[in-house]
Amino acid sequence: AAGPLGHSMSGVDVATAIWESNPADQTATQVLTSPEIGPPANANAYDSVRNQMFFVTAANTFDYWERSTNTIKSVGGLSLGLGSDPNNGAFYNDAFWYFTHNSNVLNRATLSYTGSGETAVPSVSSLASFPVLGMNPTGVNTNTFGDIAIDTNTGTLYAMTSRGRFYSLDLSNPVLSFNEIVASPGNDRSVGLQLSFDLNNNTLYGHNYRSGDWYTIDTGTGAVSQITGFNTLVAGGRGFRDLGGSANPVPEPSTIGLAAVGLVGGLGYTGIRRRRRKAERADATLAA
C-alpha cells in the first residue's frame with residue numbers, strides 16, 4: 001500500500017526515468033522511461049493541481065510530463081531562451097520559477113492554459129526577471145544548484161546551492177527580500193541538496209544526488225536531519241538529479257520485492273524500498 005498522502009515527490013534520475021518518492025514510507029516508484037527525459041533532464045517543477053511536471057531537457061527545451069496520461073509533451077508559447085540548463089525550478093501561482101545559471105537573476109515564466117483539468121495544455125504567455133539584491137553570487141556563494149522549492153502557502157522560495165548556501169526569498173518582493181539562513185561551508189559541491197516540500201508545505205525535504213540520502217530541513221534555521229535508512233541510488237550509482245514537487249503517491253505494485261531496484265523501458269511502474277539500512281548501490285542499473 002502507498003504511504004501517507006502528500007509526500008510523493010516527482011524527480012528524474014541520471015538516465016531516462018521519472019520517479020515518485022515517498023520519504024514518509026520510504027518508497028520510490030519509477031513511473032516512466034523515455035529518451036525525451038534525458039539524459040540529463042533537470043529544473044523540475046511540479047504543478048500539484050494539474051499533476052504536470054515541468055523540466056528542461058538536455059537540448060534546453062521546455063517540456064512537461066502529463067501524469068494522467070504518463071506522456072511527455074512540449075510547452076508552447078514564448079521561448080525561455082535558455083543558453084544552459086538552470087538546474088533549478090519550481091512551480092507557483094501558474095508560473096515556472098528559476099534562476100538563470102550562476103546568477104542572482106530569478107525568472108518567472110507565466111503560463112496560460114488551453115482546456116482544463118489534468119490535460120490542460122500549458123503555454124508560456126509572459127516572462128519577467130528579478131535581479132535579487134544582496135546575494136552577491138561570487139566565490140563560494142556562486143548561485144549554482146542545488147535546487148529551489150516554494151512554500152505555496154506563504155509564497156516563500158527556499159534555495160540551496162551546490163555549495164550548501166541556504167536562503168529564502170519572498171516572492172511578493174524577490175528583489176529586496178534575500179535572506180541568507182545558512183552560509184556556504186566552503187567550496188565542496190557535494191553538500192548541495194535537491195529540495196521539495198510535501199503536498200501541504202509542512203515539511204521541506206532534501207535529497208543528495210551523490211549519496212542518495214534523504215533529509216528534512218528546518219526552514220527557519222537550515223538545520224538538516226537525515227532520514228535514517230532511506231537511500232535511493234536509482235541509476236548509475238547516483239540518486240535523483242532533481243526533485244520537482246509533490247503529488248499524491250501512486251500505489252506500489254504488489255509484485256515488487258522489498259529493497260529491490262528494477263528499471264524498465266517504456267511505460268510501467270517499478271518500486272524500491274529502503275528501510276533500516278544504507279546499502280551500497282553503486283551497481284544500480286541504468287534504464288533501458
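The values are calculated or read from the model by the stated rules, or taken from the named source; none is laboratory data. If you're wondering where the values come from, they're calculated on a predicted model, not measured in any experiment. Reconstructed Cβ throughout: ideal geometry from the backbone, glycine too, with neighbour counts over all protein chains shown. With ligands, DNA and RNA removed, areas are computed over all heavy atoms of the protein, side chains included. Shrake-Rupley method; radii C 1.70, N 1.55, O 1.52, S 1.80 Å.
With in contact with a strand residue (DSSP E or B) (Cβ under 6 Å, 6 or more places away or on another chain) and not charged (D, E, K, R) as the only criterion, which of ASN93, ASN141, ASN153, ASN88 stands out?
Only one candidate qualifies: ASN88.
Filtering segment 101-133 down to residues that are without any contact (Cβ under 8 Å) to a residue 24 or more places away in the chain and β-branched (Val, Ile, Thr), which residue is surrounded by the most Cβ atoms within 10 Å (Cβ to Cβ)?
THR110
Scan SER84, SER74 and give me the residue that is surrounded by fewer than 22 Cβ atoms within 10 Å (Cβ to Cβ), modelled with pLDDT under 95 and among the polar types (S, T, N, Q).
Going through SER84, SER74 in turn, the sole match is SER84.
Working only within segment 182-203, note down all residues that are surrounded by 12 or more Cβ atoms within 10 Å (Cβ to Cβ), farther than 18 Å from GLY139 by Cβ and not acidic (Asp, Glu).
Listed by number, the residues that qualify are LEU193, GLN194, LEU195, SER196, PHE197, LEU199, ASN200, ASN201, THR203.
For segment 134-145, state whether one or more residues are open to solvent by 10 Å² or more (accessible area, probe 1.4 Å), β-branched (Val, Ile, Thr) and in a strand (DSSP E or B).
Scanning segment 134-145, I find no residue that is open to solvent by 10 Å² or more (accessible area, probe 1.4 Å), β-branched (Val, Ile, Thr) and in a strand (DSSP E or B), so the answer is no.
Restricting to segment 155-180, count the residues that are under 24 Å from PRO23 (Cα atoms), of a type in the set (A, V, I, L, M, F, W, C) and open to solvent by 20 Å² or more (accessible area, probe 1.4 Å).
Going through segment 155-180 one residue at a time, the tally reaches 0.
Considering only residues that are in contact with a Leu (Cβ under 7 Å, 6 or more places away or on another chain) and either under 25 Å from LEU157 (Cα atoms) or among the β-branched types (Val, Ile, Thr) (or both), look in segment 217-246 and name the one that is surrounded by the most Cβ atoms within 10 Å (Cβ to Cβ).
The selected residue is LEU243.
Starting from residues that are of a type in the set (Val, Ile, Thr) and under 18 Å from GLY244 (Cα atoms), keep the ones in segment 79-126 and report whichever is farthest from the chain's Cα centre (by Cα).
THR110
Could you tell me whether any residue of segment 19-41 is charged (D, E, K, R) and in contact with an Asp or Glu (Cβ under 8 Å, 6 or more places away or on another chain)?
yes
So in segment 19-40, with the set limited to residues that are at negative phi and touching a Lys or Arg at 6+ places or on another chain (Cβ under 7 Å), which one is least open to solvent (accessible area, probe 1.4 Å)?
The extreme case among them is THR27.
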